[in-house]
Amino acid sequence: SDQIALAARLADEHPMVGELERTKYRIVLLDEYQDTSVGQALMLRRLFADGHPVTAVGDPNQAIYGWRGASVSNILRFGDDFPHADGSPVPTYPLTVNRRSDARILEVANRLAGPLHHQFPQVAPLEAGTDAVGEVQTVVHEAYAGELAWLAGEVVATRAAMGDPSWREIGVLVRDNAHAADVFDALSAAEIPVEIVGVNGLLRLPEVAEVLATLTLLDDLTANAELLTLLSGPRWAIGTRDLAQLRRRAAQLAGTPPGRRAAGSLADELSHAVAGADPTEVAALSDALDDPGDLPYSRAARERFALLSGELRMLRGHAGEPLLELVRRIIEACGIDVELAASVSEAARARRENLDLFVKAVAEFQAIDGTVTLPSLLAWLEAEDDLGNGLDAATPSEADSVKLLTVHRAKGLEWDVVFVVGACVEKFPHTRSRGLWPTRVEMLPTPLRGDERDLPRLRAHDKAGLAELQQETKEHEATEELRLGYVAFTRARHRLVVSSYLWREDRKTPLGPSPYQLVVRETIAGWGAEPTAWLDPPDKGTPNPLRAGVREFPWPVTQHTAEALRRLAAAELVGDALDAGPGAADPLLDPDIDLVDLARVQEWDTELERLLEEARRDRSSDVAVPMPASLSATSLARLRDDPAAFAGELVRPMPRPPSPAAKFGTLFHAWVEARFGQQPLLDPEDLPGRADPGIDDESDLRELEEAFVAGPFGDRVPHQVEAPFALVLGGQVVRGRIDAVFTDRRPDGSDGFLLVDWKTNRAATADPLQLAIYRLAWAELHGLPVESVRAAFYYVRTGEVVEPVGLPTRAELERLLADGTTPG
């Protein structure tokens with residue numbers, strides 16, 4: 001908003017701008033122009049470099065995205081790129097007042113940026129826009145682990161000392177994502193809610209790493225490293241001996257000759273478990289997981305192998321689903337969401353939010369070629385993990401949690417208190433060179449780059465020229481790191497803390513405070529203050545005290561959360577109660593339990609029973625299939641003959657293959673209906689004749705029509721044709737149509753009815769159940785006794801009329817619907 005206001009003031013007050021406004025030009029405002037890529041800058045120059053009024057706002061000291069294609073010369077050479085039409089100098093308006101940070105924080109930042117001010121005199125030091133003094137501290141720890149432990153305690157104490165006890169006003173900045181993962185673990189162990197800002201930081205979290213490993217295994221069966229991540233994690237906790245046996249089984253399945261390699265140490269066995277370059281020759285652990293063979297595994301390992309194999313097999317069946325649905329299915333299968341939801345700690349809440357951020361990143365993922373697939377997602381995540389120092393545009397959420405992020409992502413953000421940790425020599429500033437383009441084929445040559453005017457040039461193609469280029473490149477990269485340090489030091493509003501350490505367990509030589517931290521120490525010394533703690537680097541050759549003893553690491557990881565430990569304790573109590581048997585005293589009869597506590601326990605019991613019932617239902621192999629709203633007579637027959645097959649048809653109805661015989665059967669029923677003088681009111685497809693097989697072709701249809709005319713019903717006028725009915729049996733509606741209803745004279749002289757179903761098949765094999773339903777439905781529909789209604793099949797080909805005896809009664813039909821037993 002301040003920059004937009006500045007542009008408006010320029011438009012109102014500057015003569016040149018005012019003149020252009022009267023000619024109906026518009027000002028182009030370029031915000032953070034030093035971060036604009038060279039391609040974008042070139043486009044803007046070609047659009048607006050002909051005297052068009054352009055205003056750029058930026059700070060060369062914060063140009064930290066050169067590796068991503070941005071160019072500091074965008075702002076430094078703005079006047080050259082966008083000259084006035086009359087050639088007059090382009091005016092510059094310095095914005096030096098910083099209203100974010102307190103005075104001492106800006107003094108440290110200005111002193112750090114002194115070389116930048118000397119190199120670029122057009123950039124002036126910042127001035128404090130507030131009267132607050134602020135606080136700056138610096139600390140040097142003896143060990144890396146000591147710094148992490150100190151940070152956790154300091155963050156808790158900082159929040160307690162703040163007037164507004166919120167976590168979100170604390171930022172922790174690191175130089176790289178590997179450091180961020182350790183910081184996250186340290187803060188989480190102290191029950192501090194932490195949000196890692198950025199996808200590549202999220203990928204190192206245990207809950208996200210398990211999801212990512214599973215995603216990779218769904219795409220690549222040879223991803224042995226990812227399978228080891230799952231097997232050795234806290235969920236499956238497979239030990240080294242069982243993993244070595246699994247590797248041997250994988251080698252057997254891959255056809256590796258038995259004497260190919262001599263048996264080595266356990267470390268050798270595990271390293272060979274993930275070896276292989278050609279996917280067709282890799283001894284895939286996934287194959288051994290599915291078929292572990294008869295090697296001497298532990299009993300627990302065999303059970304867990306089977307469970308994990310089944311889980312992966314199930315998930316592979318859903319690999320074609322949308323990526324978001326697939327990730328959610330993996331989270332549900334792993335139980336990570338339930339585990340985190342069961343926790344009430346603030347750290348677990350932050351972990352849930354981090355998992356949600358990963359899911360959101362997957363939902364927003366768009367491949368470069370527009371095809372969103374699992375391989376393209378994995379390729380993007382791999383690039384983020386390897387190269388993502390800011391590849392994704394990450395913005396902290398509004399959640400009340402400590403924000404943990406790399407300095408690259410901190411640009412543009414601010415917090416009341418900022419901890420810059422790991423500011424060690426070689427670490428921050430980072431001293432490892434990215435390399436020279438003449439010696440690295442994967443790097444684009446400087447003369448071909450759009451930002452080549454900012455980069456060191458190779459002036460001579462000899463050894464001296466290459467050495468000069470190497471020295472200039474080193475200085476250029478040091479300048480870029482200095483800008484990064486300047487960004488880190490200007491993120492704090494009221495308190496800045498910079499810390500480092502001497503020793504790590506994985507290094508022989510010490511580290512110690514970096515030049516940036518020395519600047520902090522010198523600055524606060526000018527105020528008469530001392531570092532909170534300070535240790536100078538030891539003499540060269542001093543042995544690492546952290547490597548003096550034997551280091552032990554628990555593996556596989558078996559640590560449990562507090563919630564998991566409570567569940568294990570509850571399981572032991574339940575086991576003790578089961579061992580005590582039903583004769584043991586009921587704890588609810590304890591006289592110390594009052595009515596309120598008793599009601600609460602009973603409420604727990606009710607909820608537990610609901611959860612158990614839901615779990616039984618989910619794990620049950622039996623699937624309850626609801627009956628449809630109505631059944632036909634043929635459906636009722638299929639229910640009686642094969643209830644399981646009928647249920648399968650209801651769950652997954654399949655289209656019936658086209659049948660010429662069914663078509664001609666339909667035509668025959670329609671012909672009969674028309675013969676009796678009734679215009680067909682139904683679609684032929686709805687006629688029951690579709691169930692009649694046995695009519696081969698049109699000539700066969702004509703023969704049946706002639707046989708019907710010559711038969712006993714050829715000239716007999718029916719009472720009703722295709723008579724509809726609806727019969728309720730045991731709460732289930734059965735619908736259908738009766739082919740023909742004739743009036744009938746009973747032996748005792750009373751009136752009755754004869755129900756006839758035409759049959760065109762060649763054998764007299766019709767099911768009497770159909771007639772039982774017709775007879776009961778007609779009798780009840782017209783209020784007649786069942787005995788007054790007869791039912792028969794008429795086999796048109798033979799002229800035979802078959803009237804089955806002993807048709808099922810209503811009670812027997814209802815029993816059929818109730819339990820599927822055959823009536824009668």
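The values are calculated or read from the model by the stated rules, or taken from the named source; none is laboratory data. Computed from a predicted model, the values in this text were never measured in an experiment. Don't worry about glycine lacking a Cβ; one is built from the backbone with ideal geometry, like all the others, and counts go over all protein chains shown. All accessible areas refer to the heavy atoms of the entire protein, side chains included, with ligands and DNA or RNA removed. Shrake-Rupley method; radii C 1.70, N 1.55, O 1.52, S 1.80 Å.
Of note:
- Legend: residues W437, W604, W778, sorted from most to least accessible area (1.4 Å probe; ligands, DNA and RNA excluded), read W604, W437, W778.
- Sites listed here are GluC sites (Glu not before Pro) in region 449-506 whose DSSP assignment is loop and whose Cβ has at most 16 other Cβ atoms within 10 Å: E505.
- Surface accessible to a 1.4 Å probe, V596 within the full protein complex, Å²: 90 Å²
- Label positions at D700 and R619, each projected 7 Å from the Cα along the C-beta direction, are separated by 5.4 nm.
- Segment M654-R547, length gained on full extension (0.36 nm per residue, minus Cα span): 31.6 nm
- In the complete set of protein chains, residue-level accessible area for L106 is approximately 0 Å², probe 1.4 angstrom.
- Summarising the amide proton neighbourhood of H52: residues at separation of 5 or more, or on other chains, whose placed amide H is nearer than 5 Å comprise an empty set.
- Atom-type composition of the exposed protein surface of region 38-132 places 51 percent of the accessible area on carbon and sulfur (1.4 angstrom probe).
- The stretch between A319 and W534, if pulled fully straight at 0.36 nm per residue, gains 72.0 nm over its current Cα-Cα span.
- Inter-label distance for T765 and V133, nm, one decimal - labels placed 7 Å from Cα along Cα-to-Cβ: 10.4 nm
- Sorting E812, E800 by accessible area puts them as E800, E812; the probe is 1.4 Å, largest comes first, and only protein heavy atoms count.
- If R0 equals 60 Å, the separation of the Cβ atoms of R77 and A306 corresponds to a calculated FRET efficiency of about 0.35.
- Annotation: amide H-H contacts under 5 Å for W534 (H modelled 1.01 Å from N, sequence separation of 5 or more, or interchain): V140.
- Spin-label model, E787/A599: points 7 Å from Cα along the beta carbon direction are separated by 6.4 nm.
- Largest to smallest in accessible area, the residues R600, R745 fall in the order R745, R600 (1.4 Å probe, all protein chains included).
- The simple Förster model, with R0 at 22 Å and r as the Cβ-Cβ distance, assigns L565 and A190 a FRET efficiency of 0.80.
- Each 10 Å bin, from zero up to the one with the longest distance, holds this percent of the alpha carbon pairs of region 86-137: 24, 42, 24, 8, 3, 0.
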